[in-house]
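The values are calculated or read from the model by the stated rules, or taken from the named source; none is laboratory data. Note that the structure is a prediction, hence the values are computed from the model and not measured. Every residue, glycine among them, receives a Cβ derived from its backbone with ideal geometry; neighbour counts consider all protein chains shown. These area figures cover heavy atoms from the full protein model, side chains too; ligands, DNA and RNA do not enter into them. Shrake-Rupley method; radii C 1.70, N 1.55, O 1.52, S 1.80 Å.
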Amino acid sequence: MSASVVHLTESKKQIQQTARIFEEQRRAFRRSPAPTHTERRENLKRLKRMLLTHEDRLIEAIDRDFSCRSADETKIAELMPSVQGINHTLKHLNDWMKPDKRSVSVLFQPASNRVHYQPVGVVGIIVPWNYPLLLAMGPLTGALAAGNRVMIKMTEFTPRFSALLKELIEDNFPQDLVSVITGEADVAADFSSRPFDHLLFTGSTAVGHHVMKAAAENLTPVTLELGGKSPAIISPDVPMKDAAERLAFGKSVNAGQTCVAPDYVLCPADRLQVFVDEFRSKLSDMYPSLRDNNDYTAIINERQYARLQRLLDDARNKGAKVVEINPAAENLSDGTRKMAMHLVLNPTDDMLVMQEEIFGPILPVIAYGNLDEAIDYINDRARPLALYYFGYDRDTQDFVVNNTHSGGMCINDTLMHVAQDDLPFGGIGASGMGHYHGKEGFLTFSHAKGIYARQKVNSGRFVYPPYKTPFHKMVYRMFIR
């Protein structure tokens, strides 16, 4: 049997399994549409136990998928925020579940208004390859907190981790509560076409178009966590060592394979060389060597590695100055997917590095004259998932906040807004729609049902027909003002 026939047969089985599990979860939700606070807490605690019990296995699987994924990066960027997100949810879930009392106009008294938060039903989560643990656990935490059933489509680009997560979920949760689906692009396309009650996708803007189109056929509400080109602005007066150090960290974590990694830097023209020197120095302090350094993560696969090399070749061929930062001057061209950091100085708009989300260790640096010019540069382009500003003047910080749009923002730091349990995370425009994390995650996966309630006394009968009575006229005049 040919490889293509085997692939089609396996995909067909996975699609059939997806359909069967989806129907099982729908039936299970019909049987139990309002899980109690106790049930939701137990599901979250079970998820936390699973992560902590199998911490080493999870780290090893991700490491093998990347060929080298820093164990400490997996702990700091995936396991720790996943567990902290569960802890935060456990602490606040009882308050989140309480109905909100709302006011009632005197016209409608006596009565009461409240908002009741109900689970939406069956939630679909599509997970990318760059942070496969965090970007599965974060949405799962919010969906379980809200009382839903959940199906998770894992990426085919992390096969070992995806298989492990599937095994662990099956060992810890009934299939009609949480299920993991594996498979390639055709399985993912089928998954996104299912009539979920909510669908959350994390990935590229290009694929996000297809996911939203498929969901629209079922009027499925979507949360899209996309990416784009997240800028960083260096002010004229911030100490360059501060900005360079924090940018070096934010860009090098996971070798730049982060949706909120700084994608390009706007630097005052007279400080450009200072930035290059400080960035090189700070990055070299963090990673004195690359090839055999387990702290420095490899590129996920050959396809992504080749794509990044094409971006560099395109920039060089179009006249950019490319600065390679390879502290130990190692040979990285053979037998490894480790890739040195590269600064691309003063790139032009016709270069691919300024047209595509980079998602790797390449950082364009663009000189600007004044802050208004830098802000105009950002606002002339698609709204980014993150924006970073480096400068200690509070008035200028407020100016940047108020005159730019982005999904989220850090002032004098990078990436860290994503790890805040009590901040929403999400995009805007081309970088996505909707948000989750913390209470916003609970709300995203809940239906806020408005409830108006009367008891025995019915004051509303005074406005029943027949109309045009003196009382109708009096009521109209009283409340039209």
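For the reader, a short list of remarks on this structure follows.
- Length gained when the stretch residue 17-residue 80 is fully extended (0.36 nm per residue, less Cα-Cα span): 19.5 nm
- Sequence-distant lysines (8 or more away, or on other chains) whose Cα lies within less than 26 Å of residue 473: 456
- Area projected by the alpha carbon convex hull of region 234-388, averaged over all directions, nm²: 8.7 nm²
- Treating each Cα of the chain as an identical point scatterer and summing with the Debye formula, the log10 of I(q)/I(0) at q = 0.08, 0.12 Å⁻¹ comes to -0.55, -1.08.
- For residue 13, the lysines whose Cα falls under 20 Å of its own Cα, not counting residues fewer than eight places away in the same chain, are 153, 166.
- Efficiency of FRET from Cβ geometry, residue 219 and residue 423, R₀ 30 Å, rounded to 0.05: 0.55
- Label separation (residue 352 vs residue 156): 2.2 nm, computed from points 7 Å beyond Cα along the C-beta direction.
- Across the cross-link table entries 251/318; 251/321; 282/338; 251/282, which are compared at the Cα atoms, the separations over 21 Å belong to 251/318.
- Per residue solvent-accessible surface (Å²) - the chain, probe of 1.4 Å: 46 Å²
- Dipole in debye (nearest 20) - the chain, about Cα centre, beta carbon charges: Lys, Arg +1; Asp, Glu -1: 3280 debye
- Leading residue at positive end of dipole, the chain (Cβ point charges), from 37, 397, 208: 37
- Length gained when the stretch residue 212-residue 108 is fully extended (0.36 nm per residue, less Cα-Cα span): 33.4 nm
- Both radii were evaluated on the Cα set of region 350-440; the Rg over Rh quotient, with Rh as the Kirkwood radius, amounts to 0.96.
- Spacing of the two label points (7 Å from each Cα toward its C-beta) at residue 316 and residue 455, in nm: 8.0 nm
- The alpha-carbon of residue 449 sits under 17 angstrom from the alpha-carbons of these aspartates and glutamates, leaving out residues fewer than 8 places away in its chain: 95, 100, 197, 440.
- Accessible area of region 127-247 belonging to carbon and sulfur atoms, whole % at 1.4 Å probe: 57 percent
- Potential lengthening between residue 329 and residue 49 on full extension [0.36 nm per residue; Cα-Cα distance subtracted]: 96.5 nm
- For region 91-240: span of alpha carbons on each principal axis (Å, largest first): 59, 56, 35
- Label sites at residue 473 and residue 184, each approximated as a point 7 angstrom past Cα along Cα to Cβ, lie 7.8 nm apart.
- Per-residue [θ]222 nm for the chain (sum of -39500 (n - 2.57) over DSSP H runs n ≥ 4, rounded to 500): -13500 deg cm²/dmol
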